[in-house]
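Okay, so here's the structure we're looking at.
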């Protein structure tokens, strides 16, 4: 079975949510990994959870990029190992240079906590390979600096792959469906290789119908399937 590693930093608060989803619901091996660790040996998929690492001082994720664990994280990402950054984890990936772009305060200048619908735009990533292009997922968001912007030349045709977009329940892209004012309704992007995904919505909070949705579970089942298929082919992850 794939071995997951959930990184956590001072101020992370969704690490146990991710651990519960992976270990208790999906019954997959999962380790909680403190940010001072210098090795990620044996990890098949890295999860960087949400929260307020270092209190979001300077900028969200800005201080976490200097943690010791980021160096082996970069190495694993370079080897093609799946990495997902959720909310603050997405911000950390951007600040660490593993994904392009930047985050600013939500257009409302308020903390936003609500359910959203997101449309799958790219199925050629470990986290979406078993989903359908155009499929709509119901996922919650909770952030104050979720307004994602790309650099002027940052479009998907130049190595920045848009994986998820905020949409209405029927899949239409509207400003009303965009909770943060993010550029082009972007809810998640991947690197050019597709193995590093950053997303603002929280899939780990939508694993159980009791909570309102099981759609987030699909993304983790997808990466499990991807890793197993890759291992069966004899390819290193």
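For the chain, with a Gaussian network of springs between Cα atoms less than 10 Å apart, report the residue from 82, 152, 140 with the top mean-square fluctuation.
Largest GNM mean-square fluctuation: 152.
Take the chain, connect every pair of alpha-carbon atoms lying under 10 Å apart with a spring to form a Gaussian network, then pick out the residue of 84, 92, 25 with the largest mean-square fluctuation.
25
Calculate the all-directions average of the projected area of the chain's alpha-carbon convex hull, and give it in nm². Write down the numbers at each step before the final one.
On the way: hull surface 46.5 nm².
Dividing the Cα hull surface by four gives the mean projection, 11.6 nm².
Sorting 20, 202 on the 10 Å Cβ count, fewest up front, what's the list?
Sorted ascending by nearby Cβ count, the order is 20, 202.
Identify which of 143, 13, 88 has the largest mean-square fluctuation in a Gaussian network model of the chain, with springs joining Cα atoms closer than 10 Å.
13
Any number yet on Rg/Rh for the range 64-169, C-alpha, Kirkwood?
0.96
Neighbour counts of other C-beta atoms within 10 Å: give me 48, 33 arranged from fewest to most.
The order, fewest Cβ neighbours first, is 33, 48.
Based on DSSP, what percent of beta bridges with both residues in the chain are antiparallel, to the nearest 5?
Numbers: 24 of 39 bridges.
That works out to approximately 60 percent antiparallel.
Test of understanding: ordering 39, 209 by Cβ neighbours within 10 Å, fewest first, what list do you get?
In order of increasing Cβ crowding within 10 Å: 209, 39.
All of the numbers you see were taken from the coordinates with simple rules; none came from a lab. Predicted, not measured: the structure shown is a model, and the values here were computed from it. Positions of Cβ are generated from backbone atoms using ideal geometry, with glycine treated the same way; all protein chains shown enter the neighbour counts.
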